[in-house]
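Working notes for the structure below.
The values are calculated or read from the model by the stated rules, or taken from the named source; none is laboratory data. The structure presented is a predicted model; accordingly, all values stated were derived computationally and were not measured. Using ideal geometry, Cβ is built from the backbone for each residue, glycine included, and neighbour counts are taken over all protein chains shown. In case anyone asks, the SASA skips ligands and DNA or RNA and just uses the protein heavy atoms, side chains included. Shrake-Rupley method; radii C 1.70, N 1.55, O 1.52, S 1.80 Å.
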Amino acid sequence: MARRRQIYEGKAKVLFEGPEPGTLVQYFKDDATAFNNKKRGVITGKGVLNNRISEYLMSRLNEIGIPTHLVRRLNMREQLIREVEIIPVEVVVRNVVAGSLAQRFGMAEGTPLPRSIVELYYKSDELNDPMVTEEHITAFGWATPQEIDELMSMALRINDFLSGLFLGIELRLVDFKIEFGRLWEGDQVRVVLADEISPDSCRLWDMKTNEKMDKDRFRRDLGKVAEAYQEVARRLGILPESGPRDMKGPDTMQ
Ligand code: TMP
C-alpha cells in the first residue's frame with residue numbers, strides 16, 4: 001500500500017496527510033533534541049510513550065472543555081488530528097523555578113513561585129525561540145489580541161487541571177510548554193490546543209524524591225530517560241503490564 005504523503009517533519013514528530021480532508025496523522029518519533037538541535041539522540045520507545053501520554057492528557061483536558069486537535073489515537077506511534085494552522089507562539093507556564101528561568105535570574109531550581117508565570121516565545125528555530133511580549137505578537141501579526149486572551153486563559157486552566165492530575169500521582173508539574181492552532185469550522189475559526197503534552201514538553205518531578213521524570217534526564221545526561229517516561233505512563237495508569245510494546249491502538253493505518 002502506498003505510504004501517505006508527508007506534510008511536515010519536526011524534531012520529534014512527523015505529520016502525514018490524513019484519511020479525510022482537514023485531518024492529519026501525527027507520528028511520534030524516538031528522536032530527541034535539546035538546546036535547539038545542538039544535542040541529538042534517540043530514546044528508544046519514547047514515541048510510543050509520548051503518543052499514549054499525550055492522547056491521555058489531551059482527552060482528559062477535552063473532558064473539562066478544552067478544545068484540542070486530537071481526534072483519536074490510531075496505533076502505537078500515530079494519532080489522527082484535525083489540521084490546524086499553528087500559531088507561532090510557544091506558551092510556557094511555570095509553577096516552580098527551573099531551566100531557563102533559573103538561569104536568567106540566577107535563582108535556585110526548585111524555588112516555588114508565589115503565582116504561576118506564563119511566558120510567550122516566538123516559535124522559530126532559526127532565531128532560537130526568542131521570548132516575546134503580547135506587543136510583539138500583535139504588532140507582527142502572529143496572533144490577534146483576542147486569540148492571545150483565549151490561549152492565555154486556556155493555558156492557566158490547563159495548568160490548574162494538569163497540576164492536580166499530576167499531584168494525584170505524586171508528580172510535581174514544575175513547568176510545561178504548549179502550542180495552539182487555529183481550527184476552521186465553516187467560516188468560523190477557533191483556537192484549540194495542538195502539538196503534544198508529554199515528558200518532552202513538561203518538567204515533572206517526583207514529589208517525594210524530587211527525581212526528574214522528564215526530558216531534563218536527556219538534556220542533562222542523567223540516564224534512565226525511557227524508564228522515567230515509562231514510569232510517568234505507569235503512574236497515569238496507561239502502561240500495560242508488559243510495557244509499551246503492547247500498546248496497540250484500535251486499528252492500524254498503512
Ligand atoms: P525552559 O526552562 O528551557 O525555558 O523550558 C520551559 C518548559 O518548556 C520545560 O517544561 C521544557 C519546555 N520546552 C519545550 O517543550 N520546548 C523547548 O524548545 C523549550 C526551550 C522548552
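What to note about this one:
- Residue in the range 147-159 that is within 16 Å of the chain's Cα centre (by Cα), surrounded by fewer than 21 Cβ atoms within 10 Å (Cβ to Cβ) and within 19 Å of THR111 (Cα to Cα) present: yes
- Restricting the search to helices (runs of 4 or more DSSP H) fully inside the range 55-167 and requiring at least 2 residues that are within 16 Å of the ligand (Cβ to nearest atom) gives 99-105, 145-167.
- Of the residues making up the range 63-114, those that are charged (D, E, K, R) and closer than 22 Å to LEU151 by Cα number 6.
- Unique residue being farther than 25 Å from ASP214 by Cα, at pLDDT 95 or above and not basic (Lys, Arg) when the list is GLU134, GLU179, GLU170: GLU134
- Output for the range 167-185, where each listed residue is closer than 30 Å to THR23 by Cβ and out of contact with any strand residue (DSSP E or B) (no Cβ under 7 Å at 6 or more places or on another chain): TRP184, GLU185
- So GLU90, is it among the acidic types (Asp, Glu), buried (at least 17 other Cβ atoms within 10 Å of the Cβ) and within 13 Å of the chain's Cα centre (by Cα): yes
- Residues that are in a strand (DSSP E or B) and open to solvent by 30 Å² or more (accessible area, probe 1.4 Å), drawn from the range 21-42: TYR27, ASP31, LYS39, ARG40, VAL42
- Flag if ARG82 is open to solvent by 60 Å² or more (accessible area, probe 1.4 Å) and under 24 Å from LYS29 (Cβ atoms): yes
- The range 172-193, subset more than 30 Å from ASP216 (Cα to Cα) and among the acidic types (Asp, Glu), residue farthest from the ligand (Cβ to nearest atom): ASP187
- When each of GLY65, GLY45, GLY18, GLY99 is tested for being open to solvent by 20 Å² or more (accessible area, probe 1.4 Å) and either touching a Pro at 6+ places or on another chain (Cβ under 8 Å) or farther than 15 Å from ILE197 by Cα (or both), the lone residue that passes is GLY65.
- In the range 35-49, the residue that is farthest from the ligand (Cβ to nearest atom) out of those that are of a type outside the set (Gly, Ala, Ser) and under 15 Å from ARG217 (Cα atoms) is THR44.
- Taken over the range 110-153, the criterion of being within 26 Å of ARG190 (Cβ to Cβ), touching a helix residue (DSSP H, G or I) at 6+ places or on another chain (Cβ under 9 Å) and among the small types (Gly, Ala, Ser) is satisfied by SER116, ALA143.
- Residues being open to solvent by 30 Å² or more (accessible area, probe 1.4 Å), under 20 Å from LEU70 (Cα atoms) and not aliphatic (A, V, I, L, M) are entirely absent from the range 203-211.
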